[in-house]
Amino acid sequence: MIDFLLKYNTNAPRYTSYPPANLFHAAESKAQVERIWRDSNVLKPQNVSFYFHIPFCKKRCLFCGCTAELLPGKQDELVRYFNALFAEMDEKLPWIDASRPVTQVHFGGGTPSAVPYSFLEKILNKLRERFTFAPHAEIAIECNPSLIDEPRLRELAQMGFNRVSYGIQDFDPQVLKNVGRDPSILPVKELLTLSRELNFTGINLDLIYGLPSQTEAAFYKSVELAAEAHPDRIALFSYAHVPWVKKAQKALEKFPLPTPHEKLGFFLEARDMFKKAGFVDVGMDHFCDPKDSLSIALSEGLLHRNFQGYCTRATTGEVYAFGSSAISQLDNAYSQNIHESRKYVELQEAHQMTEIRCEEISYEERIIRDAIEHLMCNRKLKVLEEEKRVLGAGWDRLLALEDDKLLVKKSDFEVEATELGTLVIRYLAMQLDPLMQKVQREGVFSKTI
């Protein structure tokens, strides 16, 4: 099976957005961004999601591909960043209709748990002053478990956080040392027990397969330990070795890297192990408890995905994002702030536009976006006559994959991915994308497997 699947191991977007973020056009002006945000108030969904990018880490993990940087050596530089973020909130929050319910707040990075929590609390308080949080609102944070002990986790819970993701990455101390990652302060089972006692739900563990020096036996032991800990969710991410983009990864080339064949074998075996342990495979790379909201959403065809990951239609909102590199994901457009935190601060302090990209979405692009998202999340797609017309040759390319046993054609308007097809779902989605017939993909997008 591995050799068969590797035929579809080509370069393609991850489709957290459509068009893909690296194809967004340059932002024109503050007026353009304000118009887009204000216009989004009458669009769907009416729920509001917020994302705050905290780019700082206490140390640099050599494998990391995130937009992150080391904590400033001086406290006043950190204060400047958060003052700039607060100023951005003060400027832009009035553009959002305050009667809309907040259903999701997400802090990502970087390492949000690495900064003084008073900064995070002030962000939440500014939101609560203006908006009403829905009863089921999800307030989530990405945490490095090497920085989380019981008092700090209790402090997060007291501030209102109710969902947490722990970047375990691997349970093998030697692999962690090789890639520059510190292990969890608390034993992982103890960390999850404490999280549940504090009423966190949707508790996630991140694991990475294909890390330099990661052996087959050690990786499967990590999978076994993750399953035994039984979080609500496990995200199993593929290590992307791109030293021409992430210079720190050059230091890892002294360690052996698995071949594509070996790497896919890692994933398939881990997938089987998680499923045998009772987890449901969700999306491309998640495994969830059957009672978790993501598993339920998948069974109901209501799974959704944005830049922050998989979510449900109940918590999904238009995403309004703040901080360096943050991407707002609205029904009518995307906008992205400048990547470098220092430049972001300087622009905000000078009352200049912090956005570097702004992509307004056409009628046709919305149809393509929604089709790609539904296929990738729910592994099936049913279109109307008008949607089929817009998809055009893309729909024909998708249907042709029935010959490869990657999908089943239910009708001229409906398809469903097979078990094999779910393993290369990005390849299926790419068939619907007319841009991928025109642009350079090699060296621009990661491999589908």
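Between residue 122 and residue 159, the contour length at 0.36 nm per residue exceeds the Cα-Cα span by 12.3 nm. Working note: Debye formula, equal point scatterers on the alpha-carbon atoms of region 318-449, no solvent; log10 I(q)/I(0) at q = 0.10, 0.16, 0.18, 0.19 Å⁻¹ is -0.43, -0.88, -1.01, -1.08.
Across region 316-321, rounded Karplus estimates of 3J(HN,Hα) from the backbone phi angles (6.51 cos²θ - 1.76 cosθ + 1.60, θ = phi - 60°) give 5, x, 5, 9, 10, 10 Hz, Gly and Pro being marked x.
Taken along its three principal axes, the alpha carbon spread of the chain comes to 59, 51, 42 Å, from the longest extent down to the shortest.
You can think of it this way: the chain between residue 216 and residue 272 has 18.7 nm of extra reach, that is 0.36 nm per residue less the Cα-Cα gap.
Taking Cβ atoms as reference points and 15 Å as the exclusive limit, the residues near residue 402 contribute a net charge of -1, counting Lys and Arg as +1 and Asp and Glu as -1. Highest average first, the peptides 84-92, 344-352 ordered by how many other beta carbon atoms sit within 10 Å of their residues are 84-92, 344-352. Starting from the Kirkwood radius over alpha-carbon pairs of region 248-305, derive D by Stokes-Einstein at 20 °C in a medium of 1.002 mPa s and give it in µm² s⁻¹. This corresponds to a translational diffusion coefficient of 159 µm²/s. Only beta bridges with both residues in region 23-322 are counted; by DSSP, about 25 percent of them are antiparallel. Against the empirical curve 2.2 N^0.38 Å, the C-alpha radius of gyration of region 101-196 lands at a ratio of 1.17.
Dimensions of region 199-287 along the principal axes, based on C-alpha atoms and rounded to the nearest Å, stand at 40, 27, 21, largest first.
Backbone phi angles across region 202-209, fed through the Karplus curve with coefficients 6.51, -1.76 and 1.60 (θ = phi - 60°), yield HN-Hα couplings of x, 5, 10, 10, 8, 10, 10, 10 Hz in residue order; Gly and Pro are listed as x.
Computed over region 9-72, the range of Cα coordinates on each principal axis works out to 43, 38, 27 Å, biggest value leading. Taking a span of 18 Å or more along the helix axis (Cα atoms) and a mean Kyte-Doolittle hydropathy of at least 0.0 as the rule, the DSSP H helices of the chain that qualify are 216-229. With both labels modelled 7 Å from their Cα along Cα-to-Cβ, the residue 291 to residue 385 distance reads 4.7 nm.
Taking the Cα of residue 4, stepping 7 Å toward and past its beta carbon, and measuring to each backbone N in region 248-272: which are under 19 Å? From region 248-272, the list is 261-272.
Every number here is computed from the coordinates shown, using simple stated rules; none is lab data. If you're wondering where the values come from, they're calculated on a predicted model, not measured in any experiment. Using ideal geometry, Cβ is built from the backbone for each residue, glycine included, and neighbour counts are taken over all protein chains shown.
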